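All of the numbers you see were taken from the coordinates with simple rules; none came from a lab. Values in this document were obtained by computation on a predicted structure and should not be read as measured data. A quick note on method: Cβ atoms are made from the backbone with ideal geometry, for glycine too, and the neighbour counts reach across all protein chains shown.
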Amino acid sequence: MKITFSVVVVSIIVLCNAVYSFDHSYIQLDELLKTKVVDGMVDYKSIKADPSVLTIFLNEVNSISKNEFDSWSEDQQLSMLINLYNAATVKLIIDYYPVKSIKKIGGIFKGPWKQRLVGLFGESITLNHLEHDIIRKRFTEPRIHFALVCAAKGCPVLRSQAYLPKKLDMQLAEQAKVFIAESPQKNRFEPDINTLFLSPIFKWYKVDFEKEAGGLINYLQLYLPKISIDVKIRYTDYDWSLNSQ
């Protein structure tokens, strides 16, 4: 049987793509989160002592081509981007640990969210660019604000597992429920004074929630059915202290 050189080359390329295709199961990252994150609090000291899993994951993500990424499903894309944002934030913290707050990193004009520290498609981008210009621009999904964690106690809790394409909707639903309905220090309804105390997240990203449900109150009623359309809103203080164990 005669095999042409071109057929051999194509076969090798296909085989290489199969071998090096991105693993959407996030097995190692998932194990890291399960062992180092408890109730949203992170063992940064331990991760700093051995950052190998984090480093490998970030390098793997940076090796993904834009063409490969575009070929994925939306759930595969969004899962990876959320995991990347959270992993890059953890890496930033351990680089400066024992810092007491992420806001202590960087200067006035180049804080933590403006540093080019995230590797994606072979380029270095900022956390701000990843969140606002890629994730928010590409996906109409307000629940990302309950999954992207900025390493502060005022943030939604960091999940003790990686975000997975096959479970993404369920995971985002759980994150939303926990943040809105089960975190009274951040969000709570006091019926005696008809007042809803909200995290500033709902002020910062109000447009995203309004776009989804036609109004902020409409969106919150999905999780807090007892509130009325005339409820008063007061925003709570954001706790920027580190979400460290």
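Can you list residues from other chains, or at least 5 along the same chain, whose modelled amide H is less than 5 Å from the amide H of Tyr235?
Leu198
As a test, work out the antiparallel percent of DSSP beta bridges whose residues both lie in the chain, rounded to the nearest 5.
65 percent
Could you put Met80, Met170, Met41 in order, starting from the residue whose Cβ has the fewest other Cβ atoms within 10 Å?
Met170, Met41, Met80
In nm, give the distance between the simple-model label positions of Asp70 and Gln221, each being 7 Å from the Cα along the Cα-to-Cβ direction.
Result: 4.1 nm between the two label points.
Among Phe22, Val157, Ile102, which residue has its Cα positioned farthest towards the positive end of the charge dipole of the chain, with +1 placed on the Cβ of Lys and Arg, -1 on the Cβ of Asp and Glu, and the dipole taken about the Cα centre?
The one lying farthest along the dipole's positive direction is Ile102.
Is the shape of region 23-178 rounded, prolate or oblate, going by the alpha carbon gyration tensor and its root eigenvalues a ≥ b ≥ c, with a/c under 1.5 for rounded and a/b larger than b/c for prolate?
It is rounded, given that a/c, with a ≥ b ≥ c, falls under 1.5.
I need the trypsin sites (Lys or Arg not before Pro) found in region 109-155, filtered to DSSP loop residues with at most 14 other beta carbons within 10 Å of theirs.
Hits after loop and neighbour filter: Lys110, Arg116.
Apply the membrane-span-like helix rule to the chain: whole DSSP H runs, Cα extent along the own long axis of at least 24 Å, mean Kyte-Doolittle hydropathy at least -0.5. List the helices found.
Sorted by number, the helices that extend far enough and score high enough are 74-96.
If you take every residue apart from Lys48 with its C-beta less than 12 Å away from the C-beta of Lys48, what net charge results, scoring Lys and Arg +1 and Asp and Glu -1?
Spelling it out: positives minus negatives among the neighbours equals 0.
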